[in-house]
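Q: Starting off with a structure, shown below.
Nothing in this text is a laboratory measurement; each read-out follows from the coordinates by a stated rule. Quick caveat: nothing in here was measured; it's all calculated off a predicted structure. So basically every Cβ, Gly included, is an ideal-geometry build from the backbone, and we count neighbours across all protein chains shown.
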Amino acid sequence: MRMLIMGPPGAGKGTQAAQITSFCGILHISTGDMFRAETKESTELGKKLKSYLDSGQLVPDEVTVKVIEKRLQKPDCEKGFLLDGFPRTVPQAEALDGILGKDGLDLIINISVDSAALLERLTGRRVCKQCGKTYHLLYQPPQDEGVCDNCGDELYQRSDDTRETVSNRLEVYQNQTAPLLDYYAQRGIVRDINGEQSIDDVFQEIKKVIRGIV
Ligand code: ADP
Ligand code: ADP
Ligand code: ZN
């Protein structure tokens, strides 16, 4: 099973990806998570990545494609994977076609949410420092304020989840990522999901789609 989850920043990709991958027993591959991990290292690459992430700009295609190519070559990918946040541009999608060869992707889940709701979701998002679990101040609060239910570590706000950077990211999505839906449309593997429902209802809808293809 090779899947891709798409949607604008804040649509709920990461939240749903965590549930889908545990339901299907496949890997969750998020370029955003991989890049954030690298920015914590004080390497040249880490510093460069941080400047792209903090301004809400995309990391250049050459860098992104190299990182994902290396990841997809690891043997643990053989049991299947869910790509989250990659591809984000048409050249990245073309590169992915080259990497995957003729079997390609089995399913693309496209989550839609309107932009006012996205802004609210992103500015209220909090993430665990340790295990990466995602919360929301209103929609998915932890049991104890500021503390992860999973591992007890501290929650933080991503440096790109500020009002300013969010509007940049939404624009980048419209200009560079939304055109991918046309790129993939004719393959007949895109399924649109209404992301403006509870987290659980969104997951139920996704499960129906997955059951329909296996
Ligand atoms: P993405 O990976 O697409 O950027 P996330 O999964 O991180 O999105 O979700 C963004 C924020 O919105 C998080 O704070 C998350 O808790 C919250 N969220 C996710 N899905 C929903 C939903 N269906 N309804 C309300 N809030 C949601
Ligand atoms: P969100 O789901 O909230 O949009 P991500 O965690 O997927 O956020 O991505 C965070 C940032 O990482 C992006 O704003 C961008 O700077 C960088 N990034 C992630 N994936 C890619 C990609 N495929 N191509 C270029 N930049 C990327
Ligand atoms: Zn945690």
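Q: Among the aspartates and glutamates, which fall within straight-line cross-link reach of residue 47, defined as a Cα-Cα distance under 13 Å, with same-chain neighbours fewer than 8 residues apart omitted?
A: The reachable aspartates and glutamates, counting only those whose Cα sits under 13 Å from residue 47, are 38.
Q: Using a Gaussian network model on the chain with a 10 Å cutoff between Cα atoms, which of 125, 187, 36 fluctuates the most?
A: Comparing 125, 187, 36 in a Gaussian network model of the chain, the most mobile one is 187.
Q: Which percent, to the nearest 5, of DSSP beta bridges fully inside the chain are antiparallel?
A: Of the beta bridges lying entirely in the chain, close to 30 percent run antiparallel.
Q: Hydropathy at least -1.0 by Kyte-Doolittle, axial extent at least 20 angstrom from the Cα trace: which helices of the chain, defined as entire DSSP H runs, fit?
A: Counting only whole DSSP H runs, the qualifying helices are 199-213.
Q: Which peptide among 8-14, 104-110 comes first, and what is the full order, when sorted by highest mean count of other Cβ atoms within 10 Å?
A: Top to bottom by mean Cβ count within 10 Å: 8-14, 104-110.
Q: Taking the Cα centre of the chain as origin, work out the dipole magnitude from +1 charges on Lys and Arg Cβ and -1 charges on Asp and Glu Cβ, in debye rounded to 20.
A: So the magnitude is around 380 debye.
Q: Here's another thing I want to ask about it. Kindly rank 16-22, 112-118 from highest to lowest mean number of other beta carbons found within 10 Å of each residue.
A: Per-residue Cβ counts within 10 Å, averaged per peptide and sorted highest first, yield 16-22, 112-118.
Q: Now for a different question. Pick out, from 159, 206, 4, the residue whose Cα sits farthest towards the positive end of the charge dipole of the chain, with +1 on the Cβ of Lys and Arg and -1 on the Cβ of Asp and Glu.
A: Of the listed residues, the answer is 4.
Q: Same structure again: For the pairs 48/129; 13/129; 133/207, flag any whose C-alpha to C-alpha distance is greater than 29 Å. It would help to have the intermediate numbers written out before the result.
A: Values: 48/129 21 Å; 13/129 19 Å; 133/207 21 Å.
Check vs 29 Å cut-off fails for no pair.
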